[in-house]
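Visitor: The structure that follows is given in the form of structure tokens.
The values are calculated or read from the model by the stated rules, or taken from the named source; none is laboratory data. Quick caveat: nothing in here was measured; it's all calculated off a predicted structure. With ideal geometry, Cβ positions are generated from the backbone for all residues, glycine too; neighbour counts draw on all protein chains shown.
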Amino acid sequence: MTGATAHDVPRPRRRARDSLGRPPLVLLLPAVVAVLLLVSPLVTMVVATDPSSLAAAAGSPAVADALWLSFITSTAATVICLVLGLPLAWMLARVDFPGRRLVRSLVIVPMVLPPVVAGIALRTAFGRSGLLGEPLLATTGFAFPYTTWGVVLAHVFVALPFVVISMEGGLRAAGSGYDAAAATLGASRWLTFRRVTVPLALPGIAAALVLGWARSLGEFGATITFNGNYPGITQTMPTLIYVERQSDTDAVLALSLIMLAVSVGVLVALRDRWLVTA
Amino acid sequence: MTGATAHDVPRPRRRARDSLGRPPLVLLLPAVVAVLLLVSPLVTMVVATDPSSLAAAAGSPAVADALWLSFITSTAATVICLVLGLPLAWMLARVDFPGRRLVRSLVIVPMVLPPVVAGIALRTAFGRSGLLGEPLLATTGFAFPYTTWGVVLAHVFVALPFVVISMEGGLRAAGSGYDAAAATLGASRWLTFRRVTVPLALPGIAAALVLGWARSLGEFGATITFNGNYPGITQTMPTLIYVERQSDTDAVLALSLIMLAVSVGVLVALRDRWLVTA
Amino acid sequence: MRDVSPGRAGGLAATLTVPGRLDVELTAGPGDVVAVVGPNGAGKTTLVQALAGLQPAAGEQWLAGADLTGVPPQERHVGVVFQDQRLFPNLSALENVAFGPRARGVAAGASRAVARDWLDRLGVGGLAGRRPGELSGGQAQRVAIARALAADPALLLLDEPFTGLDVGVAAALRVELAGHLAGYRGVTVLVTHDAIDALTLATTVAVLDGGRLMQVGPPSEVAARPRTEHVARLVGLNVIRDGDRFRAFTPSAVAVSLHEPDGSARNRWSGTIRSAAPHGGAVRLQVHAGHDLIADVTPAATRELGLAPGRRVWLSVKETAITAY
Amino acid sequence: MRDVSPGRAGGLAATLTVPGRLDVELTAGPGDVVAVVGPNGAGKTTLVQALAGLQPAAGEQWLAGADLTGVPPQERHVGVVFQDQRLFPNLSALENVAFGPRARGVAAGASRAVARDWLDRLGVGGLAGRRPGELSGGQAQRVAIARALAADPALLLLDEPFTGLDVGVAAALRVELAGHLAGYRGVTVLVTHDAIDALTLATTVAVLDGGRLMQVGPPSEVAARPRTEHVARLVGLNVIRDGDRFRAFTPSAVAVSLHEPDGSARNRWSGTIRSAAPHGGAVRLQVHAGHDLIADVTPAATRELGLAPGRRVWLSVKETAITAY
Amino acid sequence: GPARGEDTLQVLAAASLTDAFTELGDRFEAAHDGTDVQFSFGSSTDLAEQAADGAPGSVLATADEDAMTIATDAGAAAAPTVFATNTLVIVTPRDNPAGIGSLRDLAGTTWVRCADQAPCGRVARTVLQDAGISATPASLEEDVRATLDKVVSGEADAALVYATDAASAGDAVTTVDIPGAEREQNSYLIAALAGANDPELARAWTDFVTGPEGEAVLTAAGFSRP
Ligand SMILES: Nc1ncnc2c1ncn2[C@@H]1O[C@H](COP(=O)(O)OP(=O)(O)OP(=O)(O)O)[C@@H](O)[C@H]1O
Ligand SMILES: Nc1ncnc2c1ncn2[C@@H]1O[C@H](COP(=O)(O)OP(=O)(O)OP(=O)(O)O)[C@@H](O)[C@H]1O
Ligand SMILES: [Mg+2]
Ligand SMILES: [Mg+2]
């Protein structure tokens, strides 16, 4: 039997450049407007920032602390969103259980909550005198509020719905035909999930995680309401910016720019490693 | 030639119940934890709400106004996100233009901004003395701040990145083979977009719009910073809740519950019409 | 369910119903190769999918003594070559084939060795590292066959496994598969549109039409006495239905003339030539004469009579050349 | 580009190179049907995709007087039947077929009428309202063909259009297609693994192997004097390469015996039977004797000599039965 | 809660006290060797609720009485004292483009004040009522800082804010005093928290804030004596 051709076929390095011709104006134009809309405030913000306050902010240890805490907590929250959210998204996309629609609606609800209300809701549940928090404190001595764990909890609560809904969209778009093929090969649902479902939905999953990370990085209302604003423990970049705003508007812009620069750096690095290949 | 079988084949009413067996514990467990995590604060919030304040809030005309304004502005923002965001997501997913990665990173940036900072950034651009807003005011007499248009602008700025990134994930997951097929049939990119690309990525697009709508419904910081808070014009539900919070904590829970109930109602109705079929 | 004994004993016994698409009762002993033939839309793929547990179907199913009714696909020990291949796009050819053994608990190294072996046997060992998107249609088809066989299933379901393969590969693969199936104690269900497959590989031929089994029997029996137009065409026989009896004759028994034949031959038809194509040493004419008939004539006769598509001709067959059943 | 005149005049002229996969120069006049044959992985689909503008390729391409080099697919007026179908899953069969006319500016009602007509001609008119996911493989294939034809292209690219079709439908479709192509002024490129297609539908056969054109010529010429093992197998000839000359003989010219034949016949080989299958009225043996050879014997001889797979036999051919070229 | 050294003083304070308290914190640390003063700034309501919920902290300082009541009702704080008051003023951008010289001039301009639910909004409403002004603002801001912000950023022609905010904005704004505004003052309250891990230190801080040094810093920031 002949199989491979005689000569070596080189693997293409990257996908071929799109060959379907120029994008039409009716799509190009709104896309450009969208970019301008999103970018112009950022540009004017940079213009409006006093360079000296930027230098001062960049050198401040409080800023370094807050930045670090922001990244730690957002990343932790994103990991938890992945661990909890992907299974839930999978259940919503692939398993036809009774009450699925209700669960999906319940999952969306926290998205609609203004952040401060999310903080209050978290307090009623996990606060030191909350319905679940009180027994937890009584039995283990641990309470979420005013701790870094509390910050992570608040971030997860706020970001998880975005992650789940977005991941579900990705899983549905990838289709379930390959799941069936894997099943006929004897793969358990868990193996199928790991080796087939997730890799195929990877672009959507990655996008969802970026959403979740960004949402949690910018999160402020729920965090400050639920956890207060303790430097080094619960003071993330957005809460630090809130405090600075009380005294120095210039500093706010400077801090925001620093936060932006670092986040964009992280995202670009991530994209290169994870998202473009997907 | 024989084609159809002689007997009529009934179209299946709904997709067959998933037949790949019970979901594994390793996925079921985290999914249940995720649901509990998201739902328990909502339940405890309901428990903590004073029924009499609920009745009072439900009857207040200020609440009705704010609720109405919230839905109007969020829906308008979602429509704009669709009109501007879908083309941009398509460009990012399908057109290999130079600087694509940079554009994608820039689009993500506003997600990372804490909402108040987003409001400040909008002000530096579109405020009455903003870089673009000042000439706009001088030439047309129109300014965004303190108007309902300003609220919509703030919502779009905050929600658009979520919508774009999530839609891009959906478009990528749907694959581009059908686009190629449409092109060979003579379809312009615009026709292909309408008839093939978008319908195939519909689950992802719908999920993205739900995200955008919910994000903009809960949006508060950017709105109040950019537009202030005036009943009937710029006072959305979240801003009403926030100012109410300074005087009457009970009312906050009641208002939040009302907002939740209405949003869930809308989402469930939407799901039935749009999302389950996709 | 009337008779499930073969299923209980080690083979397959199934009664499957998918409303409007399938309603069959199928049994096969261990080692049997059941060729399923039938026109497009007959329900062949539906049957395969139902046997695999992918298509919800009412009824019962027994395999090698175990009741498979309601058992999810991953616990059925089936191996499926899908009509649309469904190779995992994210895995290499090797990983695709190793997937089955891995899923059944074989160690990674051993699975890869098995996979490599199967890819070699199917002539695509050199493409082990490629993703499905980087394979040609026929190469992908071979990987799909390797994947199904490597899982070492108790029930092998092959949905048109030789489509898209070039003639040489298809012939070689038939030989390869025949060798494999000879030593195989499981049950094989082979969907095919090719008479050669049905005649050379199968122990039983099952003729499906409109979701129902029209005829089941050994290949020689079905080929000699087809009961559907589809099988007649498949094996290259002319079959005419006569009440509930059938009359069959070979294409070479058909005489072709330009004018109405003399004599009393009651078996004669007038019609238009729809196509003429070389067939073995002869030329095979397809003639539309009420129903479609085929006739083999010599190349010389074709030239002399000018037997080209569109030409009106008379066909006749001697009564002695006709088998009635 | 050496000769682009046919492309300039109204036909097709293309020089296409995809590194490592394709390097061909192809010309065809208006109305020509080019059958592209070749083993799996030869580059047939790559050629089709390059002609359609979907596969980036270096080189030039002219069609009906227009330079297509670098022109995006939607402006090429091609019609493609993809090897993997690619019917739009969100549209009904009718909408799929009406898509092409619509895209070319035909009014909605007229497009649907055209689509309905094509579906009827392909025997799937009754399935117009179904989504591709609700069609069988062969039904979907027919819709895919209808979709490509309904677009009324200047260049028709058919990548294995008859795969998955049952024999009756395939035969009918060949007739239908032949009728359509007879009145068609565009160029058709037909990828096939079936000799019948190449011989009955094509005006030119192009033999592709390893990305290069090995032989181009009229079907009868290519069939009579194949220059690749693949085509030899395709048309059922034995071809032996002898330096840069070829020696061909038909399977019926091969004598099979169990013992070494007497006499001085210099054309004799010993080998093992790999398969035996009915072929026309004869039984076709595949014998592995260094290279693969085929021999046709009578069913009677098969029985008498016990010619079953695994048996060692001697093959011989008289020198007079051999064509050398 | 967060583990703190014995000499750490945790102060929960209204956001409007950020500048004054940060300064006082530095001075307190200098005067009490080895003591570390940590602040958690936020909205008075948030902080009071957090104190009531048992948030770590020794002292709570709120920008109004209602918020402090939340903490005292919950038993988290006791015996609050008023340590500063604040008077309403008009601020305009430095060049005062709308030419505002009194409350009367607000009509027809784009001006802002706090929402009625916020402490500064209650004061502003009373002051406007007393002066018989019915001009509608462009916005009812969520807090006084946001109100000031609108003028600083040039988004409003005028705003009603506290004298302390006007002072903190420095050159960026022009301040116009409101006659009779001192009758409607806003009170800042301070109280040691029941959960303080070092009550002595908490008392030292409240004494320090209400003492002469506190008075000096607070007055410099624009606050009045109660
Ligand atoms: N999802 C579906 N919903 C409704 N009808 C369907 C669906 N899938 C297939 N069918 C119909 O069921 C019948 C049997 O389809 P099946 O795919 O089993 O045919 P098949 O015998 O495999 O045909 P082919 O030779 O074309 O592959 C066909 O008429 C087909 O149109
Ligand atoms: N995306 C790709 N990247 C690299 N190599 C590829 C890619 N796609 C196809 N090939 C290789 O290019 C060669 C030609 O492939 P092509 O699909 O054109 O073959 P084909 O003649 O159509 O074969 P078949 O009869 O199996 O459909 C094959 O060896 C194949 O493995
Ligand atoms: Mg099928
Ligand atoms: Mg191909």
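Visitor: Report, by residue number, each residue of segment C:61-108 that is within 24 Å of the chain's Cα centre (by Cα) and part of a strand (DSSP E or B).
Guide: C:61, C:62, C:63, C:78, C:79, C:80, C:81, C:82, C:85
Visitor: Consider residue A:34 carefully, then state whether it is within 17 Å of the chain's Cα centre (by Cα), surrounded by 19 or more Cβ atoms within 10 Å (Cβ to Cβ), part of a helix (DSSP H, G or I) and modelled with pLDDT of 90 or more.
Guide: So residue A:34 does not fit the description; no.
Visitor: If you don't mind, another one. Search segment D:141-173 for residues being more than 7 Å from every other protein chain (Cβ to nearest Cβ), among the hydrophobic types (A, V, I, L, M, F, W, C) and part of a loop (DSSP other than H, G, I, E, B), and hand back the single one that is farthest from ligand 4 (Cβ to nearest atom).
Guide: D:154
Visitor: Sticking with this one: Taking the condition of being touching a residue at least 40 places away in the same chain (Cβ under 8 Å), of a type in the set (Ser, Thr, Tyr) and farther than 18 Å from residue C:45 by Cβ, how many residues in segment C:181-213 meet it?
Guide: So the answer is 3.
Visitor: Applying the selection to segment B:56-71, what residues are touching a residue at least 60 places away in the same chain (Cβ under 8 Å) and either farther than 23 Å from residue B:235 by Cβ or aliphatic (A, V, I, L, M) (or both)?
Guide: B:56, B:57, B:58, B:62, B:63, B:66, B:67, B:69
Visitor: Can I ask one more? So, in segment A:213-239, how many residues would count as being more than 10 Å from chain B (Cβ to nearest Cβ) and either more than 19 Å from residue A:127 (Cα to Cα) or within 14 Å of the chain's Cα centre (by Cα) (or both)?
Guide: 2
Visitor: Further, regarding this structure: Go over the candidates C:49, C:61 one by one and state the one that is polar (S, T, N, Q), away from ligand 3 (no atom under 16 Å from the Cβ) and more than 7 Å from every other protein chain (Cβ to nearest Cβ).
Guide: C:61
Visitor: If you don't mind, there's one more thing I want to ask. If I ask for residues that are among the hydroxyl-bearing types (Ser, Thr, Tyr) and either under 13 Å from residue E:208 (Cα atoms) or modelled with pLDDT of 90 or more (or both), which ones from segment E:15-34 would you list?
Guide: E:22
Visitor: Then there's this: Considering only segment B:157-273, give the helices (runs of 4 or more DSSP H) lying wholly within it that have at least 3 residues that are buried (at least 22 other Cβ atoms within 10 Å of the Cβ).
Guide: Correct list: B:177-184, B:202-218, B:221-227, B:237-245, B:249-270.
Visitor: State all residues of segment C:180-216 that are more than 15 Å from ligand 1 (Cβ to nearest atom), crowded, with 18+ Cβ neighbours inside 10 Å and among the hydroxyl-bearing types (Ser, Thr, Tyr); if no residue qualifies, say none.
Guide: Hits for segment C:180-216 are C:184, C:188, C:200, C:204.
Visitor: In segment C:98-124, which residue that is under 17 Å from residue C:168 (Cβ atoms) and not charged (D, E, K, R) is surrounded by the fewest Cβ atoms within 10 Å (Cβ to Cβ)?
Guide: For segment C:98-124, the residue satisfying everything is C:123.
Visitor: Can we say residue D:193 is within 16 Å of ligand 2 (Cβ to nearest atom) and part of a loop (DSSP other than H, G, I, E, B)?
Guide: yes
Visitor: Can you tell me which residues in segment A:88-130 are under 18 Å from residue A:166 (Cβ atoms) and part of a loop (DSSP other than H, G, I, E, B)?
Guide: Answer for segment A:88-130, where residues must be under 18 Å from residue A:166 (Cβ atoms) and part of a loop (DSSP other than H, G, I, E, B): just A:113.
Visitor: Quick check on this structure: which one of E:87, E:109 is buried (at least 20 other Cβ atoms within 10 Å of the Cβ), modelled with pLDDT of 90 or more and under 22 Å from residue E:143 (Cβ atoms)? Write out each step before concluding.
Guide: Numbers: E:109 fails: buried (at least 20 other Cβ atoms within 10 Å of the Cβ).
Step by step, each of E:87, E:109 is checked, and only E:87 is buried (at least 20 other Cβ atoms within 10 Å of the Cβ), modelled with pLDDT of 90 or more and under 22 Å from residue E:143 (Cβ atoms).
Visitor: Further, regarding this structure: Which condition does residue C:92 not pass, out of (1) surrounded by fewer than 22 Cβ atoms within 10 Å (Cβ to Cβ); (2) without any contact (Cβ under 8 Å) to a residue 12 or more places away in the chain; (3) of a type in the set (Gly, Ala, Ser), if it passes all the others?
Guide: Unmet for residue C:92, out of (1) surrounded by fewer than 22 Cβ atoms within 10 Å (Cβ to Cβ); (2) without any contact (Cβ under 8 Å) to a residue 12 or more places away in the chain; (3) of a type in the set (Gly, Ala, Ser): (2).
Visitor: Looking only at segment D:217-244, filter to residues that are assigned to a strand (DSSP E or B) and in contact (Cβ under 8 Å) with a residue 24 or more places away in the chain; which one of those is surrounded by the fewest Cβ atoms within 10 Å (Cβ to Cβ)?
Guide: Among those residues, the one meeting the criterion is D:242.
Visitor: So if I check each of C:85, C:61, which one is at pLDDT below 95, within 26 Å of residue C:163 (Cα to Cα), among the polar types (S, T, N, Q) and assigned by TED's automatic domain parsing to the domain that holds residue C:144?
Guide: C:85
Visitor: While we're here: Suppose we filter segment D:39-86 for residues that are within 16 Å of ligand 1 (Cβ to nearest atom) and either of a type in the set (S, T, N, Q) or surrounded by 24 or more Cβ atoms within 10 Å (Cβ to Cβ) (or both); how many remain? Break it down stepwise before answering.
Guide: To start, the set of residues in segment D:39-86 that are within 16 Å of ligand 1 (Cβ to nearest atom) comprises D:81, D:83-85.
Filter again for either of a type in the set (S, T, N, Q) or surrounded by 24 or more Cβ atoms within 10 Å (Cβ to Cβ) (or both), leaving D:81, D:83, D:85.
The number of residues fulfilling the criteria is 3.
Visitor: Which numbered condition in (1) over 30 Å from residue D:304 (Cβ atoms); (2) within 14 Å of chain A (Cβ to nearest Cβ) is the only one that residue D:205 fails?
Guide: Only one criterion is unmet by residue D:205, namely (2).
Visitor: Considering each residue of segment D:280-291, count those that are buried (at least 18 other Cβ atoms within 10 Å of the Cβ) and either assigned to a helix (DSSP H, G or I) or not hydrophobic (A, V, I, L, M, F, W, C) (or both), and give that number.
Guide: 3
Visitor: Then there is this: Of all the residues that make up segment A:142-156, how many are in contact (Cβ under 8 Å) with a residue 60 or more places away in the chain and not in a helix (DSSP H, G or I)?
Guide: First, pick out the residues of segment A:142-156 that are in contact (Cβ under 8 Å) with a residue 60 or more places away in the chain: A:144-148, A:150-156.
Filter once more, so that each one left must be not in a helix (DSSP H, G or I): A:144-147.
Selection size over segment A:142-156: 4.
Visitor: Restricting to segment C:140-167, what's the tally of residues that are within 14 Å of ligand 1 (Cβ to nearest atom), farther than 16 Å from residue C:75 by Cα and among the aliphatic types (A, V, I, L, M)?
Guide: 1
Visitor: Test residue D:75 against the stated conditions and say whether it is acidic (Asp, Glu) and in contact (Cβ under 8 Å) with a residue 12 or more places away in the chain.
Guide: For residue D:75, the condition - acidic (Asp, Glu) and in contact (Cβ under 8 Å) with a residue 12 or more places away in the chain - is not met.
Visitor: Going through segment E:179-203 one residue at a time, which ones are part of a helix (DSSP H, G or I) and either surrounded by fewer than 18 Cβ atoms within 10 Å (Cβ to Cβ) or among the aromatic types (Phe, Trp, Tyr) (or both)?
Guide: E:182, E:183, E:199, E:200, E:203
Visitor: If you go through segment A:123-140 one residue at a time, how many are over 22 Å from residue A:87 (Cβ atoms) and within 7 Å of chain B (Cβ to nearest Cβ)?
Guide: 3
Visitor: Here's something else I'd like to know. Within 30 Å of residue D:46 (Cβ to Cβ), within 14 Å of chain D (Cβ to nearest Cβ), within 16 Å of ligand 4 (Cβ to nearest atom) and within 25 Å of the chain's Cα centre (by Cα), is that true of residue C:124? Full working, then the answer.
Guide: Numbers: within 30 Å of residue D:46 (Cβ to Cβ): yes; within 14 Å of chain D (Cβ to nearest Cβ): yes; within 16 Å of ligand 4 (Cβ to nearest atom): yes; within 25 Å of the chain's Cα centre (by Cα): yes.
In short, yes.
Visitor: Could you tell me whether residue D:254 is within 30 Å of residue C:236 (Cα to Cα) and either modelled with pLDDT under 85 or not basic (Lys, Arg) (or both)?
Guide: Yes.
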